[in-house]
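The values are calculated or read from the model by the stated rules, or taken from the named source; none is laboratory data. Just so we're clear, the structure is a prediction, and the values are computed from it rather than from any experiment. Cβ placement follows ideal geometry from the backbone for every residue including glycine, while neighbour counts extend to all protein chains displayed. Accessible surface areas use protein heavy atoms only, side chains included; no ligands, DNA or RNA. Shrake-Rupley method; radii C 1.70, N 1.55, O 1.52, S 1.80 Å.
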Amino acid sequence: MTTFVDRVELHAVAGNGGHGCASVHREKFKPLGGPDGGDGGRGGDVILVVDRDVTTLLEYHHRPHRKATNGKPGGGGNRTGAHGQDLLLPVPDGTVVLDGNGEVLADLVGEGTRFVAGQGGRGGLGNAALASPRRKAPGFALLGEPGEERDIVLELKTVADVALVGYPSAGKSSLISVLSAAKPKIADYPFTTLVPNLGVVTAGSTVYTVADVPGLIPGASEGKGLGLEFLRHVERCSVLVHVLDCATLESERDPLTDLDVIEAELAQYGGLDDRPRLVVLNKTDIPEGQDLADIVRPDLEARGHQVFDVSAVSRKGLADLSYALGALVAEARAAKPAETPTRIVIRPKAVNEAGFTVTPEGEGFFRVRGEKPERWVRQTDFTNEEAVGYLADRLNRLGVEDELIRAGAHEGDGVIIGGDEDAVVFDWEPSVSGGAEMLGRRGEDHRLNVVRPAAARRRDREAQRRDAVQREFEEFDPFD
């Protein structure tokens, strides 16, 4: 059964905002109480939070769909709906958040670091908030916005000070088991270790973490073996330790060749040239292993490497290795710039920014895209004529009608607001600046009672398409 997962796809769905309430205050001896509908509550966010007690993404591998709670609708008597509860998802330290295209959205390092994976929808305004001197008793309220849905990828990059790299069965797991209290699986066959193992080592006053990175073989950077799957766990390590097998049974291998192969794979992966290296000649408790270590040590030292002869069985040379690693880790920590709290930069949009575009689409159709128009459409209850009229007034005040005129739109043309998936189509009827044409009974908008030519054209197109498909089906001869 899988116990370690370092890459998952997460489908995060934030909570929907609650609908606003359309209510009129009613109380004895108080006529014309006025609107008292409350606003809807905000939907809950989906938030990723770094938790040091979490070491794997296994939970999201089994349950990739996560959803926050919705906001509650508003009520009469100016009662605001309850906000949806935020969904906090704990992730390991070192988790990288990517979008579907592989672009990095966030690098979560440090206890308590947060990232909003899904923004909750806004609550709709009640009719009390929509009242104005011109509209004293609105008979409608705004709908709550749907919560943000996002598919993201979580990748874990182990946060450790030292990385043990080398061929399978080079003795990395044995080494980490005697340097620390970690108890990884140890056996005499390749690819025994299938997941990175972590161990905590104390060397004098320095305490550091060692990671055993499994599965490096020739071609690992291109996806062979397990190397490409776990090479990213080396990125955050300050020191690299080459564990070379001096007692290998494979005749075509030797410590110098193994070192060259692993270094080539690290160079191919990239970004690790500046890390200090140590070389460990392992399994020197075997006489043949010690003889081979004595032969290759001068060549390794000539390359500028610091070399240690060790044995996980007899524990030879482990103390010197531990203190040498502690010194390198302490030096890397001292050279690292002091961490400062993450500054939250808020860049609000200009309040007077129209933020929309009008583009022609085909004959007699124009598409409107923008944050405000699309959000207003989502908040509109199209079963209420007064709410539709309010939407038309808002779009007019925003300048959509003026832009449509400049784009060459005429009365009766189709106006599409939104993308292809959630678009709403209107038959455009320009408003008259006087405003007297809007007079009528409350709750009605005469603009909805006229013939809709754009809708008729769309119905004709669909009918022609259906007729063409039907003719092709009737003319089709399977024996021809």
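At-a-glance table
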| item | result |
| --- | --- |
| Residue in the range 83-95 that is among the aliphatic types (A, V, I, L, M) and open to solvent by 70 Å² or more (accessible area, probe 1.4 Å) present | yes |
| Scope the range 90-149; condition within 24 Å of residue 44 (Cα to Cα) and in contact with a helix residue (DSSP H, G or I) (Cβ under 6 Å, 6 or more places away or on another chain); matching residues | 141, 145 |
| Residues (out of contact with any helix residue (DSSP H, G or I) (no Cβ under 9 Å at 6 or more places or on another chain), closer than 20 Å to residue 96 by Cα and at pLDDT 70 or above) located in the range 223-270 | 236, 237 |
| Single unsatisfied condition, residue 397 versus (1) modelled with pLDDT under 85; (2) in a helix (DSSP H, G or I); (3) within 21 Å of residue 379 (Cβ to Cβ); (4) open to solvent by 70 Å² or more (accessible area, probe 1.4 Å) | (1) |
| Any hit, the range 355-376, residues being surrounded by 14 or more Cβ atoms within 10 Å (Cβ to Cβ), part of a loop (DSSP other than H, G, I, E, B) and under 34 Å from the mean Cα position of the chain (by Cα) | no |
| Hits in the range 404-420 - residues which are over 36 Å from the mean Cα position of the chain (by Cα) and either surrounded by 15 or more Cβ atoms within 10 Å (Cβ to Cβ) or at negative phi (or both) | 404, 405, 406, 407, 409, 410, 411, 412, 413, 414 |
| Verdict on residue 57 being under 14 Å from residue 153 (Cβ atoms), touching a residue at least 12 places away in the same chain (Cβ under 8 Å) and either open to solvent by 80 Å² or more (accessible area, probe 1.4 Å) or over 12 Å from the mean Cα position of the chain (by Cα) (or both) | yes |
| Options 274, 309, 285; residue that is over 20 Å from residue 172 (Cβ atoms) and either out of contact with any Phe, Trp or Tyr (no Cβ under 9 Å at 6 or more places or on another chain) or modelled with pLDDT under 80 (or both) | 274 |
| Count - residues of the range 29-45 that are modelled with pLDDT of 85 or more and more than 25 Å from residue 100 (Cβ to Cβ) | 9 |
| Qualifying positions in the range 377-393 - over 29 Å from the mean Cα position of the chain (by Cα), open to solvent by 40 Å² or more (accessible area, probe 1.4 Å) and over 19 Å from residue 414 (Cβ atoms) | 381, 383, 385, 393 |
| The range 196-213 residues that are closer than 14 Å to residue 331 by Cα, paired with ones that are assigned to a strand (DSSP E or B) and open to solvent by 30 Å² or more (accessible area, probe 1.4 Å) (beta carbon under 8 Å, 6 or more apart) | 207/200; 208/200 |
| Residue within the range 77-84 that is free of Cβ contacts under 8 Å to residues at least 24 places away in the same chain and closer than 30 Å to residue 144 by Cβ present | no |
| Members of the range 5-28 that are within 30 Å of residue 64 (Cα to Cα), open to solvent by 40 Å² or more (accessible area, probe 1.4 Å) and either at pLDDT below 90 or touching a His at 6+ places or on another chain (Cβ under 6 Å) (or both) | 7, 11 |
| Selection from the range 31-90 of residues that are among the β-branched types (Val, Ile, Thr) and part of a strand (DSSP E or B) | 46, 47, 49, 50 |
| Test for residue 111: is it farther than 23 Å from residue 49 by Cβ and either not in a helix (DSSP H, G or I) or not polar (S, T, N, Q) (or both) | no |
| Qualifying positions in the range 29-54 - surrounded by 15 or more Cβ atoms within 10 Å (Cβ to Cβ) and either more than 26 Å from residue 138 (Cβ to Cβ) or β-branched (Val, Ile, Thr) (or both) | 44, 45, 46, 47, 48, 49, 50, 51, 54 |
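Condition check ((1) free of Cβ contacts under 8 Å to residues at least 24 places away in the same chain; (2) surrounded by fewer than 18 Cβ atoms within 10 Å (Cβ to Cβ); (3) among the hydrophobic types (A, V, I, L, M, F, W, C)) across all residues:
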{"residue": "259", "(1), (2), (3)": "no, no, yes"}
{"residue": "266", "(1), (2), (3)": "no, no, yes"}
{"residue": "279", "(1), (2), (3)": "no, no, yes"}
{"residue": "287", "(1), (2), (3)": "yes, yes, no"}
{"residue": "295", "(1), (2), (3)": "yes, yes, yes"}
